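First comes the structure, then the notes that go with it.
What follows is calculated from the coordinates using simple rules that are stated; it is not laboratory data. No experiment lies behind these values; they were computed from the predicted model shown. Virtual Cβ from ideal backbone geometry, glycine too; neighbours counted across all protein chains shown.
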Amino acid sequence: MDNMNNNAVHIAAMKGREDIFKALLPAAPERIIAVLTKKNGEGKTPLQLAVDKGNSGLFETLPAKNTEFREAWKVHNDALLLYACVHGGVESVAAIMALNSSAQIRSPKGRTPLSCAAEAGNDDIVGFLLSCTVTTSEGRILSTSPEGSGVPEYNPLLLAAKNGHAKVCRRLLDKGASVNTPRDSKTNFTPLMVAIDEGNREVVITILSDEAQGLEAMRVCVEKPRLCEDDEGETQIEITTPMRMLIEEMQDVAEWMMNRSIYCCSGDQGEESGESPVVEYSFQFLEDFQEEKYRLPLLTARCLIYTTLTLNFADCDLHWQ
């Protein structure tokens with residue numbers, strides 16, 4: 001034992017000495033598991049230390065073909081996979097999955113390998129997991145869902161947005177992750193609103209730049225109960241939108257999004273037929289600009305031209321969804 005209570009197996013795992021590690025493993029499966037789950041002074045097992053050091057070759061020394069070992073080791077292997085998605089690399093994740101785990105597993109609380117990797121910002125692991133497929137006993141092929149396990153707290157896009165991992169968000173969006181259906185369980189915020197709230201500018205721009213869902217991410221209203229300041233203490237509903245949050249936190253992004261929205265939505269509709277161009281707004285755009293608090297920060301020359309155009313009801317038809 002050293003001063004961190006590392007035994008010989010722990011040390012062999014840290015050093016990547018596959019020969020010594022294999023020689024130290026007992027023959028009986030239950031005794032192997034006892035050795036592999038022994039924790040050192042930091043509370044880490046030998047294989048967790050191997051993950052930390054990137055010694056993925058160590059996993060090939062385990063008796064993976066022994067059915068008794070594989071079945072008894074399954075629950076520990078699943079936990080190790082989640083650990084590797086946070087602290088390890090693609091090689092370790094792939095090696096652990098080969099020991100009877102898959103990208104489809106989830107912890108009792110709802111964590112998945114993808115949610116762990118997304119929260120940690122491990123872009124390469126996220127890409128690897130999204131490429132994984134599993135064939136079920138019925139012959140169905142399951143791909144790793146970018147939506148995760150369905151538990152809001154562990155939704156991969158929400159976690160990546162909250163922690164500022166723009167590259168991970170890009171990968172998830174490219175695989176079809178929804179920008180509006182996963183909501184934060186406490187605030188009911190979407191990934192975009194969470195990113196704005198956390199000040200994660202690069203994530204905000206990544207989501208809004210998405211061709212498929214960028215504008216859709218703006219079409220959200222979140223109601224928040226708010227106590228009045230009067231003596232009655234009645235509860236009122238306060239509306240929060242992505243645009244309002246952008247104006248308060250990222251004014252230049254709000255201006256860019258407003259200009260982009262009007263440009264994208266107005267287009268040339270109706271010009272050939274001689275009809276008035278149709279401008280569609282699906283988020284609380286004009287309502288936001290009726291309030292001085294939200295209007296004044298964006299009264300630059302360019303924005304003033306656009307807001308004037310949008311308020312000219314004689315020149316365009318407004319379609320509200």
Can you give me the distance in nm between label points at residue 67 and residue 174, each placed 7 Å from the Cα along the Cα-to-Cβ direction? 4.2 nm
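Restricting everything to alpha-carbon atoms, can you work out Rg to Rh for segment 56-119 with a Kirkwood hydrodynamic radius?
On the way: Rg = 11.3 Å, Rh = 11.8 Å.
Result: Rg/Rh = 0.96.
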Sort the following peptides by mean Cβ neighbour count (other Cβ atoms within 10 Å, averaged over residues), highest first: 34-45, 96-107, 2-13. 96-107, 2-13, 34-45
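Going by average Cβ density within 10 Å per residue, which order do the peptides 154-167, 193-206 take, highest to lowest?
Going by the mean number of other Cβ atoms within 10 Å, highest first, we get 154-167, 193-206.
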Points 7 angstrom from Cα along the Cβ direction at residue 7 and residue 198: gap in nanometres? 3.9 nm
Ranking 58, 97, 40 by how far each Cα lies towards the positive end of the charge dipole of segment 1-101 (+1 on Lys and Arg Cβ, -1 on Asp and Glu Cβ), the top one is 40
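What is the gain in length, in nm to one decimal, between residue 39 and residue 19 on full extension, counting 0.36 nm per residue of separation less the C-alpha to C-alpha distance? Write down the numbers at each step before the final one.
Numbers: separation 20, 0.36 × 20 = 7.20 nm, distance 2.10 nm.
Between residue 39 and residue 19, full extension yields an extra 5.1 nm.
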Using the Kirkwood formula on the Cα atoms of segment 106-212, what hydrodynamic radius do you get, in angstrom to one decimal? 13.7 Å
Approximate spin-label separation residue 109-residue 30, in nm, with each point projected 7 Å along Cα-to-Cβ: 3.1 nm
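Here are some pairs, 39/109; 15/109; 39/175; which of them have Cα atoms lying more than 31 Å apart in this structure? Can you show the working numbers first?
Details: 39/109 23 Å; 15/109 33 Å; 39/175 38 Å.
Distance filter (> 31 Å) returns 15/109; 39/175.
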Looking at segment 1-97 from every direction and averaging, what is the projected area of its Cα convex hull in nm²? 5.5 nm²
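Starting with the highest mean, order 108-121, 242-255 by the number of other Cβ atoms within 10 Å, averaged over the residues of each peptide.
On the way: 108-121: 22.2, 242-255: 19.1.
Those peptides, ordered most packed to least, come out 108-121, 242-255.
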